[in-house]
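Enquirer: The structure's right below; bear with me while I get my questions together.
Nothing in this text is a laboratory measurement; each read-out follows from the coordinates by a stated rule. Keep in mind it's a predicted model, so treat the numbers as computed, not measured. Here the Cβ positions follow ideal geometry from the backbone for every residue, glycine too, while neighbour counts run over all protein chains shown.
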Amino acid sequence: MTSLHAPSAVSVSHGNKASVTTAPDARATALLQCGLYAGPVFLATSLVQGLTRAGFDLSHQPVSFLSLGSLGWLQRANFVVAGLLALASRWGFGAHGAGVRGAGQRLPPRR
C-alpha cells in the first residue's frame, strides 16, 4: 500500500552544497487552501446575487454591475473577500517555496 502523504523533509542540492528543508507548516498549507476557495466563493456569491436581484440578467450584464445600487455592498465585499483569499494563497506559495532555490521569486518579464 502506498502513502499519499507529503514527505516530512525534502533534500535539495545546489551544486556542491546540500540543504534540507522541512515540510511546510500548517499555516502555509492553510494559506494555500485559501486559493482553492477564492473562485468558488466568488462564483457562488455572484450567482446567488445575479439570480435573486430584480432586473439583473447574467446573460447580458457583467457581474460587476451587481456592485451598483442599494445591495451593491454585497458584491463589493465579494470582490474584497475573493481578492484577499487569492493574496493569501500567493503568500502560501511563497511559504511553501522557502528554502528551495528559485521558489517564491518573481518570474522574468515576457518578451
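Enquirer: Which value in nm describes the separation of the simple spin-label points at Ala44 and Ala86, placed 7 Å from the Cα toward the beta carbon?
Expert: Output for this residue pair reads 1.9 nm.
Enquirer: Next question, about the same structure. Starting from the Cα-Cα distance between Ala30 and Asp57, subtract it from 0.36 nm times their residue separation and give me the gain in nm to one decimal.
Expert: Full extension from Ala30 to Asp57 adds 6.1 nm.
Enquirer: After finding the eigenvalues of the alpha carbon gyration tensor for region 40-100, what semi-axes result from the square roots of 5 times each, listed largest first in whole Å?
Expert: Working from the Cα gyration tensor, I get semi-axes of 32, 11, 8 Å.
Enquirer: Related question: What's the exposure ranking of Val81, Val63, going from fewest to most Cβ atoms within 10 Å?
Expert: Val81, Val63
Enquirer: Using Cα pairs closer than 8 Å and at least 6 residues apart in sequence, work out the relative contact order for region 42-92, in percent.
Expert: This gives 33 percent for region 42-92.
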